[in-house]
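The structure appears right after this line, and notes come after that.
Rule-based calculations on the coordinates, nothing more; no lab input. On a predicted model such as this, the values are computed, not experimentally measured, just so you know. As a convention, Cβ positions derive from the backbone with ideal geometry for all residues, glycine included, and neighbour counts pool all protein chains shown.
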Amino acid sequence: MPKHKENRVPPSSPRSGAGTPSIPLCESSSIATTPDDSVLSKLLATMTVRERLVVCLKFADGLTLVEIAAVLNTGVAEVERILEHVVDHVSGVLRRQSATA
């Protein structure tokens with residue numbers, strides 16, 4: 001599935017759009033407080049707003065897949081698909097970085 005540039009915003013940008021509340025994405029959460037913040041910030045910047053929201057809800061806020069699905073008004077299968085895509089993407093980026101290091 002092609003990615004659309006207009007869905008990508010900086011990690012600290014608020015999420016906004018038709019029918020969605022404006023909320024910060026990982027802005028002040030514990031997900032980006034490691035020495036490798038720049039790497040994490042770069043990875044977050046490559047994700048769509050929806051992907052980043054799922055990652056933040058799962059790993060920063062500790063929500064279950066069912067809870068995330070409720071927040072997004074979608075099914076658990078869609079949340080699982082998003083997380084699988086993010087894991088595949090991050091794994092690929094890290095593999096490429098390791099190969100060039």
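A few remarks follow.
- Selection from the range 50-101 of residues that are among the β-branched types (Val, Ile, Thr) and surrounded by fewer than 18 Cβ atoms within 10 Å (Cβ to Cβ): THR64, VAL66, VAL71, THR74, VAL76, VAL87, VAL90, VAL93, THR100
- SER38, sole failed condition from (1) within 20 Å of GLN97 (Cβ to Cβ); (2) surrounded by 19 or more Cβ atoms within 10 Å (Cβ to Cβ); (3) not β-branched (Val, Ile, Thr): (2)
- Residues satisfying the stated conditions in the range 69-82, i.e. under 23 Å from VAL93 (Cβ atoms) and either touching an Asp or Glu at 6+ places or on another chain (Cβ under 9 Å) or hydroxyl-bearing (Ser, Thr, Tyr) (or both): ILE82
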